[in-house]
Each structure stands twice: as structure tokens, then as C-alpha cells.
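K.L.:
After the C-alpha cells below, expect a handful of questions from me.
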Amino acid sequence: MLNTPEGKSSAGHHHNKKTSVSTSVPENISLDKWADSGFQWAGEVNPQGFKRLSIILTAEREQAAVQLDIDLYRRNNVLHIAFTLTGEVWLTCQRCLQPVVTDLSDDYDIALLENDSQASLLDEEQDYLMLDEVITESAPEQLLPFKKLLEDEILLKVPMAPKHDDCEMSIDQFGDIPEEEETENPFAALQSLKGKLD
């Protein structure tokens, strides 16, 4: 399901990768262990398993599991974490307060740079992160906080104010009149004060 990035090593390289299938997304991926041999994981992920995401999910609809495929690999001596999400979540429409669905399906490929000089090895449109900024916890081994990284990407994809495309009109009519009054009154009050102070 993952798009094979150009220049990625051939299928012969894949046979010695670890592939695991499970319902629990890896919290961390050990780079000491998998950076050279590669790591693959596929499974279903429960959206409510993410703390920050679960806060904005609606309780009115059951959340279906999201399919996730992960591939950690090296290309041109640069480490990449690629993952594909397939699925959707239910949020609350900020206009009518009813459930609204948001599609999370997307392909991601992020280069994990060990130093600034590696940036010159990447295409201009390639997303990248500096490993020393991502790996903040000091541990005996280098652990990529994959679950946190994944949640960051999901939250970037989710709209800040989710709303249905077709429920703008009815709610807009409620908001227009009070807004005009609010914008006029404070300035009028300030203007009269200013006159008195002068």
C-alpha cells in the first residue's frame, strides 16, 4: 500500500526487515536496532488511543479503527520514516455541533536527519525532521517516538474548526447582528473617553 519512493532499495532488501502486525501502534522505534536493517509494521489503530486527538473526537459516533502501514528505511544514507494512513475520524462541527467526518487518509515520508549537512541530499519538497529535536528523552538507545510523531501529523491534518460544508448559511444568520453591535460599541465608548481625556 505504501508508495515505493524512487531510488529506494529493491525488494531484495525487504526480506530481512522486521514486519509485525498488531493492533497496538509502536510507541517508539529503536533506531539502534532497526536503522540499518529497516523496520515495517502494519495494523489497525484506534483513534481514541491518542491522548491529544481523543480530546477533539465526538462521543456521539463510534470511531472506527484506522489502517496504518509503517516503513523505516534508508535512502542515499538518509533515514526515512514513511507511513500510510487509511481511515477517518468523527469530530464535532463547530457550527451545528453535530458529528462531522474527517478523512485522515494520506501518505507521509519524512527524512530523519542526523545533522544539517544531510539536508543537501534531499529533494526540495521532502519533509524532514532533525533527530536531535525529535528524540528528546535520554535513553540507553536511540528511540524514535513514533506514536507522538504520528499523532502530530494527524493533528496537523485535522481542521482546527471542523464544519460541514452545507451548514454555513443557517448559522451565519444567527451570528451577524450581534457581531456588528459588538464591534461598534467598544470603539464608540473608547472614542467618547478619548474626547474627555483630551
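K.L.:
Counting only residues that are exposed (fewer than 10 other Cβ atoms within 10 Å of the Cβ), at pLDDT 90 or above and in the same structural domain as ILE55 (by TED's automatic domain parsing), give me the strands (runs of 3 or more DSSP E) lying completely in the range 95-198 with at least 3 of them.
P.N.:
Once the strands (runs of 3 or more DSSP E) in the range 95-198 are filtered for at least 3 residues that are exposed (fewer than 10 other Cβ atoms within 10 Å of the Cβ), at pLDDT 90 or above and in the same structural domain as ILE55 (by TED's automatic domain parsing), nothing remains.
K.L.:
Do you know which residues across the range 69-94 are under 16 Å from the mean Cα position of the chain (by Cα) and surrounded by fewer than 16 Cβ atoms within 10 Å (Cβ to Cβ)?
P.N.:
Once the filter is applied, which keeps residues that are under 16 Å from the mean Cα position of the chain (by Cα) and surrounded by fewer than 16 Cβ atoms within 10 Å (Cβ to Cβ), the range 69-94 yields THR86, GLU88.
K.L.:
Filter the range 32-44 down to the residues that are surrounded by 19 or more Cβ atoms within 10 Å (Cβ to Cβ) and either more than 12 Å from TYR73 (Cβ to Cβ) or within 17 Å of the chain's Cα centre (by Cα) (or both) and list them by number.
P.N.:
The answer is TRP41, and nothing else.
K.L.:
Something else now. From the set of residues in the range 45-68 that are charged (D, E, K, R) and touching a Phe, Trp or Tyr at 6+ places or on another chain (Cβ under 9 Å), which is surrounded by the fewest Cβ atoms within 10 Å (Cβ to Cβ)?
P.N.:
GLU62
K.L.:
Tell me which residues, restricted to the range 73-111, are without any contact (Cβ under 8 Å) to a residue 60 or more places away in the chain and among the aliphatic types (A, V, I, L, M).
P.N.:
VAL78, LEU79, LEU97, VAL101, LEU104, ILE110, ALA111
The values are calculated or read from the model by the stated rules, or taken from the named source; none is laboratory data. As the structure is a computational prediction, the values presented were derived from the model and not from experiment. Note: ideal-geometry Cβ built from the backbone for every residue, glycine included; neighbour counts use all protein chains shown.
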